[in-house]
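Here's the structure, in structure tokens; my notes come after.
What follows draws every value from the coordinates through simple rules; no lab data is involved. What you see is a predicted model, and the numbers here were worked out from it, not measured in a lab. In this analysis, Cβ positions are derived from the backbone assuming ideal geometry, glycine residues included, and neighbour counts consider all displayed protein chains.
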Amino acid sequence: MKVIGIASTAILSLLLGIAPAYAQQGQQGEKQDHPQQQQSKPEQSKPEQQHAQQPQRAQQQQEQNQDKQQQHVQQQQDQNRQQQHAQQQEQHKNQQQQHVQQQQQNQSRQQQHAQQQRGNEQPQRTQEQQRVQQSAWQQHRAQSWQSDHRNWQQRGGYHGYRIPDDRFRGYFGPEHGFRIYGLPFLVVGGYPRFQYGGYWLSPVDPWPEYWANNWYDTDDVYVTYANNGYYLFNRRYPNVGIAISISV
């Protein structure tokens with residue numbers, strides 16, 4: 001009996017020692033399983049973060065698209081402004097050209113009108129005046145121009161009245177042509193004399209025999225100063241100058 005009691009006590013002690021150990025192993029197993037669960041939580045949170053970031057990316061992309069659209073609209077507006085500015089400049093240039101052309105046309109009309117007025121204002125000569133003028137001119141027609149005429153150097157130089165430079169530039173020279181017809185006319189000492197530019201002009205040379213019979217009525221002439229004296233030139237015969245004297 002005593003042996004049986006000892007054996008029972010030993011078996012009970014063994015069972016009690018096994019139970020805490022098993023419980024401790026169970027707790028350690030639970031501890032080992034729990035970290036795995038904790039480690040799996042971050043892995044589960046990654047899709048959620050990605051899902052949360054998708055609306056932000058979409059919003060950023062939308063904002064970028066809006067910025068690009070605004071930049072495109074701004075560029076288009078700038079191009080339109082530049083085109084409008086260029087068109088306005090071209091229109092302004094065309095208007096200026098039209099204005100210049102209009103001014104030139106108006107000046108041409110005014111000149112034509114002034115010429116017509118001068119033509120209308122020319123006094124009508126009587127038959128007697130016409131006969132006197134024609135006779136005075138015809139008497140001083142050269143038989144041979146080369147031998148009949150003398151320039152101012154051959155005459156010893158010009159000693160008559162000299163036209164002031166400012167007055168000369170305003171009425172005389174190749175750019176100021178006129179016709180003798182209709183100008184105040186006199187015959188002095190058998191020589192014809194006519195008034196132009198406020199001065200009396202008297203030819204002292206005969207006029208070439210090959211000029212037209214009525215050149216003094218039909219041809220444009222001008223007065224210039226050359227070779228120390230004044231000369232009358234006919235535009236139809238520009239290489240020949242008649243020596244003339246000036247008086248006031």
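Computed values, structure above
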quantity: Long-range Cα-Cα pairs in the stretch 68-108 (distance over 12 Å), rounded percent; calculated: 68 percent
quantity: Charge dipole magnitude, Cβ of K and R +1, D and E -1 - the stretch 127-247, Cα centre, debye nearest 20; calculated: 160 debye
quantity: Burial ordering of LEU183, LEU201, fewest other beta-carbon atoms within 10 Å first; calculated: LEU183, LEU201
